[in-house]
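The block underneath contains the structure these notes are about, expressed in structure tokens.
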Amino acid sequence: GTLAFDVTQAGLDVTKAVEELSKGCTAVISTIGAIGTEKDLKVNSATGLAVLGAKAAGVDNFVYISVAPEVKEFAKDIDFLKPYMTGKTFSQDAVTSNFKSYTLIE
């Protein structure tokens, strides 16, 4: 199934929430993302936290909507995009280091 939740909600432990939600699942797909907000870092880092929860729940596969390499290159020197890119990089690194079976959509 599909479930939406606000990763910026006060007091939400994204890792624990995803762990509970993904028990019994074989895959998790993360489309979490925001750009141009004051919460870009928190939102775009949330997939990295979700990865930890999915792994703890025994999920085998993780799919992540990442960032195109061209966008990464373009954005590297633009200050207002730095929180976005930092969060996306954290999340992608979490996916690739915690799952043997993953898909990155760039």
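The values are calculated or read from the model by the stated rules, or taken from the named source; none is laboratory data. In this text the structure is predicted, and so the values were computed from the model without any measurement. Here the Cβ positions follow ideal geometry from the backbone for every residue, glycine too, while neighbour counts run over all protein chains shown. Ligands, DNA and RNA are stripped out before the accessible areas are found, and what is left, the full protein with its side chains, is counted by its heavy atoms. Shrake-Rupley method; radii C 1.70, N 1.55, O 1.52, S 1.80 Å.
Below is a table of values for the structure above.
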quantity: Count - residues of segment 38-56 that are out of contact with any Ser or Thr (no Cβ under 9 Å at 6 or more places or on another chain) and either in a loop (DSSP other than H, G, I, E, B) or β-branched (V, I, T) (or both); calculated: 1
quantity: Some residue of segment 7-22 being assigned to a loop (DSSP other than H, G, I, E, B), of a type outside the set (D, E), within 23 Å of Y102 (Cα to Cα) and under 17 Å from the mean Cα position of the chain (by Cα); calculated: yes
quantity: Total residues in segment 9-39, condition farther than 18 Å from V51 by Cβ, touching a helix residue (DSSP H, G or I) at 6+ places or on another chain (Cβ under 8 Å) and either at pLDDT 95 or above or of a type in the set (V, I, T) (or both); calculated: 2
quantity: Answer residue from segment 6-42, given it is within 27 Å of K82 (Cβ to Cβ) and among the acidic types (D, E) and is least open to solvent (accessible area, probe 1.4 Å) among those; calculated: D40
quantity: Scan of segment 59-102 for residues that are of a type in the set (S, T, N, Q), under 11 Å from the mean Cα position of the chain (by Cα) and in a helix (DSSP H, G or I), ordered by number; calculated: T89, S91, Q92
